[in-house]
Structure formats: structure tokens, C-alpha cells
Amino acid sequence: MRVLVVEDEAKLAGLLGRGLREEGHTTDVAGRGEDALWMARATPYDVVVLDVMLPGLDGFATCRQLREAEIWTPVLMLTARDAVDDRVRGLDAGADDYLVKPFSFAELLARLRALARRTPHERPTVLEVGELRLDPAGRRVWRGATELELSPKEFALLEVFMRRPGQALSRLDLIERAWDLAYEQRSNVVDVYVRYLREKVDRPFGRHSIETVRGVGYRLQGDA
């Protein structure tokens, strides 16, 4: 998943960003609602983690403006408030779920996975394309009966392909979904990681499922 964390408390923002990245999720962090708005307009996030108490635009106003801009990325609101009225206000502003601080990081991850499966259509908990199976929750991948060992970035890139089987994805598409904004772009990084993936998921099995689309980028086919 690509996640946007909007949290002005530096310590919590750092912990969330680091924890999500350690779980293999591409994660950007914003400290203000105004920053979250332009970042969400510019980047296709799978889910937004949005704190209610923010300087400037609060979480309610930020969520409302996201929806007014027709950005339908699922939003999980975080807050120290536990009053029913605040939960109702957040959901009415367009949030999809609500988590009260303090919270379990494991529960946060589970809620994010559930939200990511809901849009733009229902997504399975385990992705399958041909002989490939990928479990986002367990961070596991198989080719047939063989479990594969992938680095976090290889896993993230394969998940992007498997969520869009048969689609030709440009290098920019892949960078936007598998690398965060702190990434210092190098022109060949996608090609390098596609080569790594092919060495692990295709060549040992005599397959050619990750295809080069000349002039565009790459495509994952299930039966190649």
C-alpha cells in the first residue's frame, strides 16, 4: 500500500512512518491539513491516516475538502477524542473509519488493509495472478507451492503489479505507487527492481510473466 500519514505530533508521526515502512508500505508524512490536500491531489494513495487535531485546517475540514475535490481515497481518522459526537462528525465529513488514541499498531495495520480492499472495488485478502499468490497481511508470496523471499521494495513493487494484472504500467506509475516522496529519483531504479523481481519470481520457474511494454513500461501477465 501507499499511505499518507497526516499527523502534527512529530514523535507519533515518526513512529507511524517508520512502522509502516518496516511493514513494507510506501509512506509519506504531512504535518498540516493544507499539505495533505496537495499531496493527495498529486499522488494516488491507497489510504490516508488523518489526525483530527491539526494546526490550520483540522482533520474534519481536511477530510471534507478531500471529498469536495472528488478524492475518494479511504480515510482513517485518528484522535484522542472518544466522544460519540466527534466520531459522528468525522464520519459525516467523509471519513471511512475512526481509531481513538492510544491504539494498537497491529489494529491500525488491520484497519488500513481493510480500507484498502474497499476501493475502487472490493479486493481479495490474498491476491492471485496465475500461479502467483501474494498475502499483503502476512507479507508472503508464492509461485505455485514455492514460497519466495522478497525484499520489502520487491514485495511492494510486485503488489503494485498484482493489483493491476494485465495493465501496462509506466515507470512513473510504478514509482508513484512503490516509492515515497523522500525517494531521490534515479532513472533506472524501476528497471533495476523489475530485474530483481524477474530473477526471483520468473526465471527459476521458466516463466516470463513480467513483460516489457516497449515505449511504456511493464505489465504482469498471469499465464506467461
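The numbers here are math on the coordinates, done by the rules we state, and not lab data. Quick caveat, the model's predicted, so the values are computed rather than measured. So basically every Cβ, Gly included, is an ideal-geometry build from the backbone, and we count neighbours across all protein chains shown.
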(message) Sort 156-167, 84-95 by packing, meaning the average of other beta carbons within 10 Å per residue, with the highest value first.
(response) 156-167, 84-95
(request) With a cut-off of at most 14 other beta carbons within 10 Å, and DSSP calling the residue loop, which chymotrypsin sites (Phe, Trp or Tyr not before Pro) in segment 74-107 qualify? Please list them. (result) 103
(message) Computed from the coordinates I sent, Cα Rg over 2.2 N^0.38 Å equals one of [x] 0.97; [y] 1.62; [z] 1.06. Tell me the label.
(response) [z]
(message) As I understand it, the value is the acute angle between the Cα axis of helix 33-42 and the longest principal axis of the Cα atoms of the chain; what does it come to in degrees, rounded to 10?
(response) 30
(request) Compute the long axis of helix 152-162 from its Cα atoms, compare it with the longest principal axis of the Cα atoms of the chain, and write down the angle in degrees, 0 to 90, nearest 10. (result) 80
(request) Compute the distance in nm between two label points, each set 7 Å from the Cα along the Cα-to-Cβ direction, one at residue 135 and one at residue 196. (result) 2.3
(request) On a 0 to 90° scale, report how tilted helix 105-117 is relative to the longest principal axis of the chain, with both axes built from alpha carbons and the result rounded to the nearest 10. (result) 70
(request) May I ask you to evaluate 6.51 cos²θ - 1.76 cosθ + 1.60, the Karplus curve with θ = phi - 60°, for each residue of segment 192-205 and list the ³J(HN,Hα) values in order in whole Hz, giving x for glycine and proline? (result) 4, 6, 5, 4, 4, 4, 4, 5, 9, 9, 10, 4, x, 10
(request) Can you tell me the dipole magnitude for segment 10-109 around its Cα centre, using point charges on the Cβ only (Lys, Arg +1; Asp, Glu -1), in Debye to the nearest 20? (result) 240
(message) Between residue 100 and residue 18, what's the calculated FRET efficiency when r is the beta-carbon distance and R0 is 25 Å? Round to 0.05.
(response) 0.70
(message) With 10 angstrom as the radius, rank 111, 117 by how many other C-beta atoms surround their C-beta, starting from the fewest.
(response) 117, 111
(message) Once you keep just the Cα pairs under 8 angstrom separated by 6 or more residues, what percentage relative contact order results for the chain?
(response) 16
(request) Using the number of other C-beta atoms within 10 angstrom as an exposure proxy, rank 5, 190 with the fewest first. (result) 190, 5
(message) Within a 10 angstrom radius of the beta carbon, how do 46, 135, 35 rank from fewest other beta carbons to most?
(response) 135, 35, 46
(request) Would you list, by chain and number, the lysines whose Cα falls below 28 Å from the Cα of residue 101, excluding same-chain residues fewer than 8 positions away? (result) 11
(request) In whole angstrom, note down how far apart the Cα centers of segment 195-224 and segment 54-110 are. (result) 39
(request) Any chance you could run the full-extension gain for residue 53 through residue 85? It's 0.36 nm times the residue separation minus the Cα-Cα distance, nm to one decimal. (result) 10.0 nm
(request) Kindly state, to the nearest 0.05, the FRET efficiency for residue 188 paired with residue 70, given R0 = 41 Å and r defined as their beta-carbon distance. (result) 0.70
(message) Can you tell me which lysines have their Cα less than 28 Å from the Cα of residue 200? Leave out same-chain residues fewer than eight positions away.
(response) 153
(request) Using all C-alpha to C-alpha distances in segment 2-117, build P(r) with 5 Å bins and read off the rounded percent in each one. (result) 2, 13, 26, 28, 21, 9, 1
(request) Within 10 Å, count the other beta carbons around each residue, average over each peptide in 16-29, 201-214, and list them highest first. (result) 16-29, 201-214
